[in-house]
Amino acid sequence: MLGSAGAGKLIGRGTARQAPRTALARLLRDGGRAALALRALGAVELLLAAALLAPPPGPLPGAAAAFLGAGFLGYLGYARAAAPGSSCGCTARPDTPLTWRAFVRAAAVLAGGAAAALAQQPWWTAAARRPAAAACLVLAAAAALTALSADPDRRWRTPLRRLRLRITGHPLAATRARTAVPVAATVELLERSRAWQSVSRVVRSALLDHWDDGGWRILQFAGVYGGGPAARPVLVLFAVDAGASLDTVREPAVRVSVIDADSGAPVMATA
């Protein structure tokens, strides 16, 4: 679990996109610092995972993992109290608010670290003595941690439903009616795009307004461009294919415009 979560934070493309919406950004008062902190934490998790698996055996890696798990629990308690609607950023993948799964994962890190620190023999010796029991334990732990790793709707149920629709067809396909894509689906697609990542530091609000024009769906957000005395309020406009959704495309074509909120003059534009 430490290795998977650490790799996701350190090299995952979603870290920079997710960081501004985590409770860590509120704690550090900056989305950029939150992204750096998440990547540094990912490196620590990867190092701990390697230390727990590699010889020579010793109590230090387990104690460090237990300390990290205790720190996770404290951070999650802060996140639940200070920013209950934010993501915790624990796995660098889900964008949903933190749930009981996050607390159980942190407790598992704490318990696993304590067990490793107090172990009387290295894991490879115990596995060699009782291979069948070790294999069953590994499979059970892998199944439990996989179930706790993310929202099951996003990880299993939604992909299975999409596969069923591709195989059997949409139940309303016989009507030959083109169903409009909900605005929430367009926003979800936008927030997974590279265009959103490129200007996410400018955005300072949720969706303010939206309209369709010529096959494009225009999404309007408020933001702040620049820093210090030169900072000025801006409007961030995204144009996304009105018929696109996560079911049809992976990386949509997005046009981005940032205009001055007072004068309407363009500040920056990209495609």
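Annotations
- Just one of the numbered conditions (1) within 30 Å of VAL224 (Cα to Cα); (2) at pLDDT 90 or above is not true of ARG21: (2).
- Scanning the stretch 214-228 for residues that are in contact with a strand residue (DSSP E or B) (Cβ under 7 Å, 6 or more places away or on another chain) and more than 20 Å from LEU189 (Cβ to Cβ) yields a total of 4.
- A search for C-beta distances below 7 Å between a residue of the stretch 37-60 that is over 19 Å from GLY89 (Cα atoms) and any residue that is part of a helix (DSSP H, G or I) and of a type outside the set (Phe, Trp, Tyr), counting only pairs 6+ apart in sequence or on different chains, returns ALA51/PRO61; LEU52/PRO61; LEU52/GLY62; LEU52/ALA65; LEU52/ALA116; PRO59/ALA117.
- Entirely in the stretch 1-97, the helices (runs of 4 or more DSSP H) that have 1 or more residues that are among the basic types (Lys, Arg) and open to solvent by 30 Å² or more (accessible area, probe 1.4 Å): 23-28, 31-53, 59-82
- Every residue from the stretch 247-256 that is surrounded by fewer than 19 Cβ atoms within 10 Å (Cβ to Cβ) and part of a strand (DSSP E or B): ARG255
- Test result for THR175, modelled with pLDDT under 85 and more than 22 Å from ALA19 (Cβ to Cβ): yes
- Going through (1) open to solvent by less than 60 Å² (accessible area, probe 1.4 Å); (2) in contact (Cβ under 8 Å) with a residue 40 or more places away in the chain; (3) of a type outside the set (A, V, I, L, M, F, W, C); (4) assigned to a loop (DSSP other than H, G, I, E, B) one by one, THR186 falls short only on (4).
- Of all residues in the stretch 210-229, those satisfying the criterion of being surrounded by 11 or more Cβ atoms within 10 Å (Cβ to Cβ) and not aromatic (Phe, Trp, Tyr) are HIS210, ASP212, ARG217, ILE218, LEU219, GLN220, ALA222, GLY223, VAL224, GLY226.
- Residue within the stretch 44-67 that is among the β-branched types (Val, Ile, Thr) and within 29 Å of LEU28 (Cα to Cα) present: yes
- Number of positions in the stretch 199-245 that are assigned to a helix (DSSP H, G or I), modelled with pLDDT of 85 or more and more than 19 Å from PRO20 (Cα to Cα): 0
- Taken residue by residue, the stretch 230-246 has no member that is in contact (Cβ under 8 Å) with a residue 40 or more places away in the chain, open to solvent by 40 Å² or more (accessible area, probe 1.4 Å) and among the charged types (D, E, K, R).
The values are calculated or read from the model by the stated rules, or taken from the named source; none is laboratory data. This one's a predicted model, so the numbers in the text were calculated from it and none came from an experiment. Reconstructed Cβ throughout: ideal geometry from the backbone, glycine too, with neighbour counts over all protein chains shown. These area figures cover heavy atoms from the full protein model, side chains too; ligands, DNA and RNA do not enter into them. Shrake-Rupley method; radii C 1.70, N 1.55, O 1.52, S 1.80 Å.
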